[in-house]
Amino acid sequence: ASPAMNEVTFESKEKLIEKAQKQILKGNLDKAIAEYQSASKLDPKDVSVRLRIGDLYVKTGKVPEAIKEYSDVARSNSQQGFYLKSIAVYKQVLKLDESNLDVHYRLAELYTKQRLIADAIGEYSVIVATFDKKGKSNEALELLRKMVEIDSENIGVRLKLAENLQRQNFDVDAFA
């Protein structure tokens with residue numbers, strides 16, 4: 001696109017954002033969401049607009065829509081290497097849906113990339129506990145092995161792995 005086209009798009013986006021903000025002041029959150037969505041279509045890479053949409057979805061009680069918006073923003077931040085921003089957004093998702101295993105897993109991976117090992121182990125532990133409750137022993141075992149790889153000095157994780165191995169009659173592995 002030509003530079004002139006980009007200016008028009010930017011100007012239009014700013015006008016849409018202004019309209020959205022005026023709608024918020026009037027208390028018309030659904031109209032504000034529509035304006036922000038139009039602005040987002042003009043500039044899909046602007047995650048700040050998508051975050052505002054997510055926030056408005058929360059205020060209007062549209063939790064699944066908010067979760068989708070936030071998750072897209074977090075993924076986008078992560079792909080661009082903004083891991084801490086991504087972590088912050090995923091934490092917002094967990095406030096809306098604490099049982100979202102996919103988000104716990106993504107957080108664990110991001111924490112590992114940031115070398116925040118205790119936080120990563122914490123997220124993986126949530127998933128392991130859920131697997132244990134649901135009787136998914138193999139999945140729990142696989143994840144515990146991954147946790148030991150990440151934090152081989154963590155005695156608690158090693159014991160949990162040993163207990164799980166023993167429960168599945170892998171006594172030699174458990175003893176090791």
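The values are calculated or read from the model by the stated rules, or taken from the named source; none is laboratory data. Just so it is clear, the model here is predicted, and its values are computed rather than measured. As a convention, Cβ positions derive from the backbone with ideal geometry for all residues, glycine included, and neighbour counts pool all protein chains shown. For the accessible areas, the whole protein counts, side chains as well, though only heavy atoms, and no ligand, DNA or RNA atoms are used. Shrake-Rupley method; radii C 1.70, N 1.55, O 1.52, S 1.80 Å.
Quick notes on this one:
- Condition met for Y90 (in contact with a Lys or Arg (Cβ under 7 Å, 6 or more places away or on another chain) and open to solvent by 50 Å² or more (accessible area, probe 1.4 Å)): no
- Qualifying residue in segment 140-160 (condition: surrounded by 13 or more Cβ atoms within 10 Å (Cβ to Cβ), within 13 Å of the chain's Cα centre (by Cα) and at pLDDT 95 or above): no
- Flag: E123 matches the condition of being acidic (D, E) and surrounded by 15 or more Cβ atoms within 10 Å (Cβ to Cβ).
- Among (1) surrounded by fewer than 20 Cβ atoms within 10 Å (Cβ to Cβ); (2) farther than 25 Å from L143 by Cβ - the single one E109 does not satisfy: (2)
Residues checked against (1) more than 10 Å from the chain's Cα centre (by Cα); (2) over 21 Å from L51 (Cα atoms); (3) charged (D, E, K, R):
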{"site": "V93", "(1), (2), (3)": "no, no, no"}
{"site": "D97", "(1), (2), (3)": "yes, no, yes"}
{"site": "H104", "(1), (2), (3)": "no, no, no"}
{"site": "L107", "(1), (2), (3)": "no, no, no"}
{"site": "Q114", "(1), (2), (3)": "yes, yes, no"}
{"site": "D119", "(1), (2), (3)": "yes, yes, yes"}
{"site": "G122", "(1), (2), (3)": "yes, yes, no"}
{"site": "V128", "(1), (2), (3)": "yes, yes, no"}
{"site": "D132", "(1), (2), (3)": "yes, yes, yes"}
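- Test: K31 is more than 28 Å from L94 (Cβ to Cβ), modelled with pLDDT of 95 or more and under 27 Å from the mean Cα position of the chain (by Cα): yes
- Residue within segment 95-106 that is surrounded by fewer than 21 Cβ atoms within 10 Å (Cβ to Cβ), within 22 Å of E123 (Cβ to Cβ) and either of a type in the set (S, T, Y) or touching a Gly at 6+ places or on another chain (Cβ under 8 Å) (or both) present: yes
- Qualifying residue in segment 1-12 (condition: open to solvent by 50 Å² or more (accessible area, probe 1.4 Å), at pLDDT 95 or above, polar (S, T, N, Q) and assigned to a helix (DSSP H, G or I)): no
- Residues located in segment 22-59, provided they are more than 24 Å from S76 (Cα to Cα) and either outside any helix (DSSP H, G or I) or not acidic (D, E) (or both): K22, Q23, I24, L25, K26, G27, N28, L29, K31
- Filter result for the condition that a residue is touching a Ser or Thr at 6+ places or on another chain (Cβ under 7 Å), free of Cβ contacts under 8 Å to residues at least 40 places away in the same chain and either under 24 Å from K45 (Cα atoms) or open to solvent by 20 Å² or more (accessible area, probe 1.4 Å) (or both), over S71, S137, S78: S78
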